[in-house]
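Asks: The structure follows.
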Number of protein chains: 2
Amino acid sequence: MLEDKNLDLTPISAYGEFGLIKHLTENFSFKNTSTEISIGDDAAVINPENQKVVLTTDILAEGVHFNLGYVPLKHLGYKAVVVNLSDIAAMNAKPTQILVAIAASNRFPVEALEEIYAGISLACKHYNVDLVGGDTTSSTSGLIINITAVGLEVSEKIVTRSGAKVNDLLVVTGDLGGAYMGLQILEREHSVFLANPNMQPEMEGYDYILERQLKPEARTDIKKNLEELDIKPTSMIDISDGLSSETLHLSDQSKVGFRIYEEKVPMDSLTISTAEELNLNPIMCALSGGEDYELLFTISPNDFEKIKNHPDFTVIGHAVDLDQGNFLVARGSNELIALNAQGWDAFLNRGK
Amino acid sequence: MLEDKNLDLTPISAYGEFGLIKHLTENFSFKNTSTEISIGDDAAVINPENQKVVLTTDILAEGVHFNLGYVPLKHLGYKAVVVNLSDIAAMNAKPTQILVAIAASNRFPVEALEEIYAGISLACKHYNVDLVGGDTTSSTSGLIINITAVGLEVSEKIVTRSGAKVNDLLVVTGDLGGAYMGLQILEREHSVFLANPNMQPEMEGYDYILERQLKPEARTDIKKNLEELDIKPTSMIDISDGLSSETLHLSDQSKVGFRIYEEKVPMDSLTISTAEELNLNPIMCALSGGEDYELLFTISPNDFEKIKNHPDFTVIGHAVDLDQGNFLVARGSNELIALNAQGWDAFLNRGK
């Protein structure tokens, strides 16, 4: 579980609650002028500097959202931050602060928490966000990480899920399905390891999809790209549960339907070849796989020329009347396949 | 665990993650003009209305912070909100919004979550705060509730832990030690019940201290009282871990020492008589018991006349030079007893 197996391990109870938080957070520095008071008082104080405050919270549970059999704790800390920043990015806001709450059983020594906080620290540096609040407690079993992220932006720039209009274009960033395929490889190799601990895992050649799963990034860069192109999306969401599920959310809240063209959905060649190796349909991995943390948004058709050749963006479909429903248009046949909500769901994927 | 034992119970997996959050939160209404977007988008949006934003997060773990053997789920939901609002009140800010994240194992049916949310809803109504974000997931074991609370206030009114000066008076609201004595009674009766489930618990006559433990309130009313008295505390903290531990926090951050007079510490007569019944020293329950959620603050000695006869406030001591340390002045003898940090600590009280 720990990267260095030879450490003398320290039980969490060696620190008091306050001593532990102080120990874990003492090397964090602050980069945002909006951070006025951070850890060490009853609450943090943020100066919104005339902007609106965007807030999101996500809870990650061991055995449900992650398996410490193959997820390094440092990666886990990093990813726990990323999944929250992705929600802030999906509102077109700039992430500025996070608060971290961790419950860990006594199977986790202080050094395990240090690894998690090393990952959190790395994410804070990479995304220029400040850790301003924390609570660390024991639990009777397992590890739970809850992060709340704060973002700031002026009203006119905030983008919700509800503004898509008929004929708007549906656009996605990056490529899809990779994180899900990375998970399949990790689970396959972990099963092999459990069956025979002397077997070396065969991870070679899967780098890109393993990184998509283990160290995803939030697309906080997209906001600037869109501003440079002078585009404001009409609606936006991040892809945490698969393209299908997220499209249905935009449909539900914008009161439009969508057509997605299978041949347009961007997928990395390694994602496609790994899906085929595992006898999975690649497009299903993009539609239902989840955890890609790309952004899905709609733009006015008038903005097509601005975006059409940009390497970050792929137009994959368009909005139609709500009563026309939500369908994937199959490659070649033009057959319409209903999009359904079977994305990654913590309750249905219990134990993964 | 549930109030009505005859319900047909619904597994959480009967709802998807989004369906469940929608179901649990659909009856919540909004009271604050600062709430612009709540549950249903990637993130909530708050309009700070030219104020600073105060943020705190607290995680409650089953078997560590609460025992469902004697804590009703509705009370648990209420208390989970209160402990966070208490932190906002301790900054002298007005609580306005909360975000709730819950991880529950499959031993909890939907009806259990409904009970928790009923308690959260009651707290939201009582304190005029809006539920603006939520995440609900499964866990492999037990129940974890993480709440993040948001408060708003202008800079000039926010009070931190760090402003106490030598000669300032130390003031506490309400009375202390009751929540801890309530916990002792609940644990005693629960032990009796476990030994013999046919025994009826003997709770009669303990109402006040049981309520202090099971349904504490956050002193959000104090802010207005202080404003009416034209008093701004020089430092403030809430009493979640006992008077001793919180006094040491004020000392540490304000760089002063404190003298607390044992005879001044406000305690209810039921707290004192129950402590004596259980062979506990009453003042130790106030100093180290915790969970009273009263406010502890310092004021300029010039404000003494304004506060001295107010029923909500008791002056219990004063600030001295830091090098004079932190001591309780014993009743009668004037003996100095060092304050220590052994408050309620999630790591030391594991399993309570």
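Asks: Among A:G182, A:G178, A:G205, A:G257, which is the only one that is on the phi > 0 side of the Ramachandran plot and assigned by the TED database to the domain that holds A:G290?
Replies: That would be A:G205, the only listed residue that is on the phi > 0 side of the Ramachandran plot and assigned by the TED database to the domain that holds A:G290.
Asks: Within segment B:60-101, take every residue that is away from chain A (no Cβ under 11 Å) and part of a strand (DSSP E or B) and give me the one that is farthest from A:L55 (Cα to Cα).
Replies: B:F66
Asks: Right, another one. When you look at A:L226, is it within 23 Å of A:T56 (Cβ to Cβ), more than 14 Å from chain B (Cβ to nearest Cβ), out of contact with any helix residue (DSSP H, G or I) (no Cβ under 8 Å at 6 or more places or on another chain) and in a helix (DSSP H, G or I), yes or no?
Replies: So A:L226 passes the test.
Asks: Does any residue of segment A:25-37 turn out to be over 30 Å from B:K94 (Cβ atoms) and either within 12 Å of another protein chain (Cβ to nearest Cβ) or not hydroxyl-bearing (S, T, Y) (or both)?
Replies: Yes, segment A:25-37 contains at least one residue that is over 30 Å from B:K94 (Cβ atoms) and either within 12 Å of another protein chain (Cβ to nearest Cβ) or not hydroxyl-bearing (S, T, Y) (or both).
Asks: If I ask for residues that are surrounded by fewer than 23 Cβ atoms within 10 Å (Cβ to Cβ) and either touching a helix residue (DSSP H, G or I) at 6+ places or on another chain (Cβ under 8 Å) or small (G, A, S) (or both), which ones from segment B:61-75 would you list? Let's see the steps before the verdict.
Replies: Residues of segment B:61-75 surrounded by fewer than 23 Cβ atoms within 10 Å (Cβ to Cβ): B:63-64, B:66-72, B:74-75.
Once the filter is applied, which keeps residues that are surrounded by fewer than 23 Cβ atoms within 10 Å (Cβ to Cβ) and either touching a helix residue (DSSP H, G or I) at 6+ places or on another chain (Cβ under 8 Å) or small (G, A, S) (or both), segment B:61-75 yields B:G63, B:F66, B:N67, B:L68, B:G69, B:Y70, B:V71, B:P72, B:K74, B:H75.
Asks: Being without any contact (Cβ under 8 Å) to a residue 60 or more places away in the chain and within 21 Å of the chain's Cα centre (by Cα): is that true of A:M236 here?
Replies: Taking the combined requirement at face value, the residue does not satisfy it.
Asks: Now for a separate question. Which ones in segment B:120-178 are closer than 18 Å to B:T56 by Cα, among the β-branched types (V, I, T) and not in a loop (DSSP other than H, G, I, E, B)?
Replies: Result: B:I120, B:V132, B:I144, B:I145, B:I147, B:T148, B:V150.
Asks: Also: Of everything in segment B:252-269, what is part of a helix (DSSP H, G or I) and in contact with a Leu (Cβ under 8 Å, 6 or more places away or on another chain)? Give them in sequence order.
Replies: B:E262
Asks: Applying the selection to segment B:17-48, what residues are over 27 Å from the mean Cα position of the chain (by Cα) and surrounded by fewer than 20 Cβ atoms within 10 Å (Cβ to Cβ)?
Replies: Across segment B:17-48, the qualifying residues are B:F18, B:G19, B:K22, B:H23, B:E36, B:G40.
Asks: Further question on the same structure: Checking B:R107 against (1) within 23 Å of A:L60 (Cβ to Cβ); (2) more than 10 Å from chain A (Cβ to nearest Cβ); (3) surrounded by 21 or more Cβ atoms within 10 Å (Cβ to Cβ), which single condition isn't satisfied?
Replies: The failed condition is (3).
Asks: Then there is this: Tell me yes or no: at least one residue of segment A:161-171 is buried (at least 21 other Cβ atoms within 10 Å of the Cβ) and within 8 Å of chain B (Cβ to nearest Cβ). Can you show your working first?
Replies: Taking segment A:161-171 as the starting set, the residues that turn out to be buried (at least 21 other Cβ atoms within 10 Å of the Cβ) are A:161, A:164, A:168-171.
If we keep only those that are within 8 Å of chain B (Cβ to nearest Cβ) too, we end up with A:161.
Yes: one or more hits.
Asks: Name the single residue that is nearest to the other protein chains (Cβ to nearest Cβ) among those in segment B:131-155 being in contact with a helix residue (DSSP H, G or I) (Cβ under 7 Å, 6 or more places away or on another chain) and of a type in the set (G, A, S).
Replies: Looking at the filtered set, the residue picked out is B:S138.
Asks: Please name all residue pairs, on different chains or six or more residues apart, with Cβ atoms under 6 Å, provided the first residue is in segment A:33-57 and is more than 23 Å from B:V100 (Cβ to Cβ) and the second residue is surrounded by fewer than 24 Cβ atoms within 10 Å (Cβ to Cβ) and small (G, A, S).
Replies: Filtered contacts from segment A:33-57: A:N47/A:S34; A:E49/A:S34.
Asks: Still on this model: If you scan segment B:270-292, which residues turn out to be assigned to a loop (DSSP other than H, G, I, E, B), in contact with a Gly (Cβ under 8 Å, 6 or more places away or on another chain) and not acidic (D, E)?
Replies: Those that are assigned to a loop (DSSP other than H, G, I, E, B), in contact with a Gly (Cβ under 8 Å, 6 or more places away or on another chain) and not acidic (D, E): B:G289, B:G290.
Asks: Could you tell me how many of the residues in segment A:102-118 are part of a strand (DSSP E or B) and either under 21 Å from A:A44 (Cβ atoms) or aromatic (F, W, Y) (or both)?
Replies: Adding up the residues that qualify gives 2.
Asks: So which residues in segment B:38-49 are at the interface with chain A (Cβ under 8 Å from one of its Cβ atoms), more than 24 Å from A:G242 (Cα to Cα) and assigned to a loop (DSSP other than H, G, I, E, B)?
Replies: Correct list: B:N47, B:P48.
Asks: Kindly list the number of the only condition in (1) at negative phi; (2) touching a Lys or Arg at 6+ places or on another chain (Cβ under 8 Å) that fails for A:N128.
Replies: Only one criterion in (1) at negative phi; (2) touching a Lys or Arg at 6+ places or on another chain (Cβ under 8 Å) is unmet by A:N128, namely (1).
Asks: Have a look at B:F258, B:F297 and point out the one that is in contact with a His (Cβ under 9 Å, 6 or more places away or on another chain) and buried (at least 22 other Cβ atoms within 10 Å of the Cβ).
Replies: Checking each option against the conditions leaves just B:F258.
The values are calculated or read from the model by the stated rules, or taken from the named source; none is laboratory data. Because the structure is a prediction, the values reported are computed rather than measured. In this analysis, Cβ positions are derived from the backbone assuming ideal geometry, glycine residues included, and neighbour counts consider all displayed protein chains.
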